[in-house]
1. Hey, among Leu96, Leu59, Leu73, Leu91, which residue is among the aliphatic types (A, V, I, L, M) and farther than 18 Å from Gly12 by Cβ?
2. Look through region 240-251, keep the residues that are more than 37 Å from the chain's Cα centre (by Cα) and part of a loop (DSSP other than H, G, I, E, B), and return whichever of them is modelled with the lowest pLDDT.
3. Do we have any residue at all in region 141-155 that's on the phi < 0 side of the Ramachandran plot, β-branched (Val, Ile, Thr), over 43 Å from the mean Cα position of the chain (by Cα) and at pLDDT below 70?
4. Of everything in region 197-234, what is among the hydroxyl-bearing types (Ser, Thr, Tyr) and either at positive phi or outside any helix (DSSP H, G or I) (or both)? Give them in sequence order.
5. What single numbered condition from (1) modelled with pLDDT under 85; (2) exposed (fewer than 14 other Cβ atoms within 10 Å of the Cβ); (3) more than 14 Å from Phe10 (Cβ to Cβ) fails to hold for Ser105?
6. Among the residues of region 74-107, which ones are in a loop (DSSP other than H, G, I, E, B) and either over 19 Å from Ile21 (Cα atoms) or in contact with a helix residue (DSSP H, G or I) (Cβ under 7 Å, 6 or more places away or on another chain) (or both)?
7. In region 13-33, which residue that is of a type in the set (A, V, I, L, M, F, W, C) and touching a residue at least 24 places away in the same chain (Cβ under 8 Å) is surrounded by the most Cβ atoms within 10 Å (Cβ to Cβ)?
8. Can you spot a residue in region 108-124 that is surrounded by 13 or more Cβ atoms within 10 Å (Cβ to Cβ) and closer than 23 Å to Tyr19 by Cα?
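The values are calculated or read from the model by the stated rules, or taken from the named source; none is laboratory data. Note that this is a predicted model, so its numbers are computed, not measured. Don't worry about glycine lacking a Cβ; one is built from the backbone with ideal geometry, like all the others, and counts go over all protein chains shown.
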Amino acid sequence: MAIPVKLEVFEGPLDLLLYLIDKNKVDIYDIPIVEITAQYLEYIHNMEREDMNVVSEFLVMAATLLDIKCRMLLPKEVNEDGEEEDPRAELVQQLLEYKMYKYMSFELKDKMVEAGNVFCRNLSLPEEVQQYKAPVDYEELVGDTTLQKLHSIFQDIMKRQEDRVDPIRSQYGNIVRPEVDVERKTIYIEEYIKTRRHFSFRDLLEKQASKLEIVVSFLVILELMKTGKITIQQDDLFDDIYITSNEFVEE
């Protein structure tokens, strides 16, 4: 009468080898191939023979172990550098890689279990906040105008300011001008747009007396566009940009 034997379930040949190595408490870099092979063959001998696909994988590893066992009985091979090759080296590398992936799977499983204990709060924002809508649709406000187009016009205006410099008088030295008052410039441009429904962006910048005033005016225009006080339109690439005042007041 046969005695039933309950075998451990392994995910594959490498899993079985790692189990035998840990069970025998041997160094993975110095596997006692004879002893491990004997235990491995004993295990597959007791495996159920119904699932040949699973058994075939273990048989391939058994053949590999027997091959290594035979090569270790022969004189050791020498590589190109004159060093002796260990027949177990390739198997050891496979075991190390498998062991690393196996431990990583344990880590991922633990994280999945931990994630199952995390619960998200329901949305608790006040109704007034949920119904809030921005007063200005910036995408609709800007339209087809891009920073590249604004930069192109800005560079063109700056070039014209450079052309205005007298090449002779400029040799006499620099006259330090007072700094531009940003607040006053903002008030000036805001008054400007209240008296004009449509005007050219280029014309506005050309009215400035210095490069510094152009820079400040340019920044003020960007801020007015952002706050919705003006709308910018450009028909074609590199064309002048036309500004529509949303603060225009008819007299």
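1. So the residue among Leu96, Leu59, Leu73, Leu91 that is among the aliphatic types (A, V, I, L, M) and farther than 18 Å from Gly12 by Cβ is Leu73.
2. Quick first cut of region 240-251, residues more than 37 Å from the chain's Cα centre (by Cα) only: 240, 242-251.
Filter once more, keeping what is part of a loop (DSSP other than H, G, I, E, B): 240, 246-251.
Working: Asp240: 74, Asn246: 82, Glu247: 76, Phe248: 71, Val249: 68, Glu250: 68, Glu251: 60.
Looking at residues that are more than 37 Å from the chain's Cα centre (by Cα) and part of a loop (DSSP other than H, G, I, E, B), I get Glu251.
3. Going residue by residue through region 141-155, those that are on the phi < 0 side of the Ramachandran plot are 141-142, 144-155.
When the remaining residues are screened for being β-branched (Val, Ile, Thr), the result is 142, 145-146, 153.
Restricting the remaining residues to those that are over 43 Å from the mean Cα position of the chain (by Cα) gives none.
So far as region 141-155 goes, no, none of its residues is on the phi < 0 side of the Ramachandran plot, β-branched (Val, Ile, Thr), over 43 Å from the mean Cα position of the chain (by Cα) and at pLDDT below 70.
4. Residues of region 197-234 among the hydroxyl-bearing types (Ser, Thr, Tyr): 200, 210, 217, 227, 231.
Of everything in region 197-234, those that are among the hydroxyl-bearing types (Ser, Thr, Tyr) and either at positive phi or outside any helix (DSSP H, G or I) (or both) turn out to be Ser200, Ser210, Thr231.
5. Tallying (1) modelled with pLDDT under 85; (2) exposed (fewer than 14 other Cβ atoms within 10 Å of the Cβ); (3) more than 14 Å from Phe10 (Cβ to Cβ), Ser105 fails exactly one: (1).
6. Leu74, Pro75, Lys76, Glu77, Asn79, Glu80, Asp81, Gly82, Glu83, Glu85, Pro87, Arg88, listed by residue number.
7. If we filter region 13-33 for residues that are of a type in the set (A, V, I, L, M, F, W, C), which is where we start, we get 14, 16-18, 20-21, 26, 28, 31, 33.
Add one more test, that the residue is touching a residue at least 24 places away in the same chain (Cβ under 8 Å), and what stays is 14, 16-18, 21, 28, 31, 33.
On the way: Leu14: 19, Leu16: 21, Leu17: 25, Leu18: 17, Ile21: 17, Ile28: 15, Ile31: 22, Ile33: 19.
It comes out as Leu17.
8. Taking region 108-124 as the starting set, the residues that turn out to be surrounded by 13 or more Cβ atoms within 10 Å (Cβ to Cβ) are none.
No: zero hits.
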